[in-house]
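See below for the structure under consideration.
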């Protein structure tokens, strides 16, 4: 009789523990899993550096502490990676996108190529906001925005959907500058090399990327910033004019503000549409904790990288707002950006 009681007792204990074990597994959905972060550009630029930093730090904040790998998927100025994430990436949290800052702009400018809706991504937040800045070699005659109307200098670009193309192309279309766009570069690093070798005389790249890769250029006068794209000047270059200052009409200002979305979206991360809300909330929480963690901030400081983040909610609201441009303005922006 005693043996029967003991056996029944253990059976009750095992049954009682089973739900707890199952709950533990559901609370740690990434145990033994690998998360793949798809970066919209090639290796070597600040996109890759920020992605590698995230891969190092965020497992501590995710249940199950998954392995994280970074995959580079350049193409179309970031469109290839965004198309892949939107249509192919798994919807269980094991696939993340680090999109191009021009993701929203490309949706308007290149509708035949884009196969995604930017406001349908589940945005996680951005590591830092930065202004795309046109920088030219110091030995060119270009010293101001007005000079860009006089001299057709060659500008290195990484694809029609990238800021390297979109910013100077819009300026040529809207304000009469004469920059000559040279396509084919597979990321910022090859553009920097072409700049150094005088293959090109300028490019439009995030200011944070310029100073992270080549700070000495600006100390020696080898390169100079001419104009920046953003809603407010970058604190490091407060005297460099904003492109917004060139806009005269309300429509021009709306279009330039639309293009300025690149500063908010750059160096951000997103999940594909259709994921369970609870899983999205969990990953957003982990991202927010990582951004504020002393270890992550110390790593960024060591690498001399800025951390000036936006929350998931801020980016989601911003993207949804930008995509609500009046139809006529949207169509004019599309025509201007396509040329």
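The values are calculated or read from the model by the stated rules, or taken from the named source; none is laboratory data. A quick note: this is a predicted structure, and the numbers were derived from the prediction, not measured. Note that we place each Cβ from the backbone using ideal geometry, even for glycine, and neighbour counts take in every protein chain shown.
Within segment 146-190, the residues that satisfy the criterion of being crowded, with 19+ Cβ neighbours inside 10 Å and in a loop (DSSP other than H, G, I, E, B) are 153, 157, 158, 159, 160, 161, 162, 177, 179, 185, 187. The helices (runs of 4 or more DSSP H) located wholly in segment 213-331 that include 2 or more residues which are within 23 Å of residue 118 (Cα to Cα) and in contact with a strand residue (DSSP E or B) (Cβ under 7 Å, 6 or more places away or on another chain) occupy 261-265, 277-292, 312-322. No other residue among 323, 275 is farther than 19 Å from residue 234 by Cβ, surrounded by 16 or more Cβ atoms within 10 Å (Cβ to Cβ) and at pLDDT below 90 apart from 323. Among residues that are surrounded by fewer than 24 Cβ atoms within 10 Å (Cβ to Cβ), assigned by TED's automatic domain parsing to the domain that holds residue 273 and in contact (Cβ under 8 Å) with a residue 40 or more places away in the chain, residue 110 is included.
Yes or no, residue by residue, for (1) at pLDDT below 90; (2) in contact with a helix residue (DSSP H, G or I) (Cβ under 6 Å, 6 or more places away or on another chain):
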| site | (1), (2) |
| --- | --- |
| 229 | no, yes |
| 232 | yes, no |
| 235 | yes, no |
| 264 | yes, yes |
| 282 | no, no |
| 301 | no, no |
| 304 | yes, no |
| 308 | yes, no |
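Quick one: would you say residue 295 is farther than 23 Å from residue 172 by Cβ, touching a helix residue (DSSP H, G or I) at 6+ places or on another chain (Cβ under 8 Å), loosely packed, with under 13 Cβ neighbours inside 10 Å and assigned by TED's automatic domain parsing to the domain that holds residue 57? Considered against the rule, which asks whether it is farther than 23 Å from residue 172 by Cβ, touching a helix residue (DSSP H, G or I) at 6+ places or on another chain (Cβ under 8 Å), loosely packed, with under 13 Cβ neighbours inside 10 Å and assigned by TED's automatic domain parsing to the domain that holds residue 57, residue 295 comes out as yes. When the residues of segment 37-88 are filtered to those that are in contact (Cβ under 8 Å) with a residue 40 or more places away in the chain, farther than 27 Å from residue 210 by Cα and touching a strand residue (DSSP E or B) at 6+ places or on another chain (Cβ under 7 Å), the one that is surrounded by the fewest Cβ atoms within 10 Å (Cβ to Cβ) is 84.
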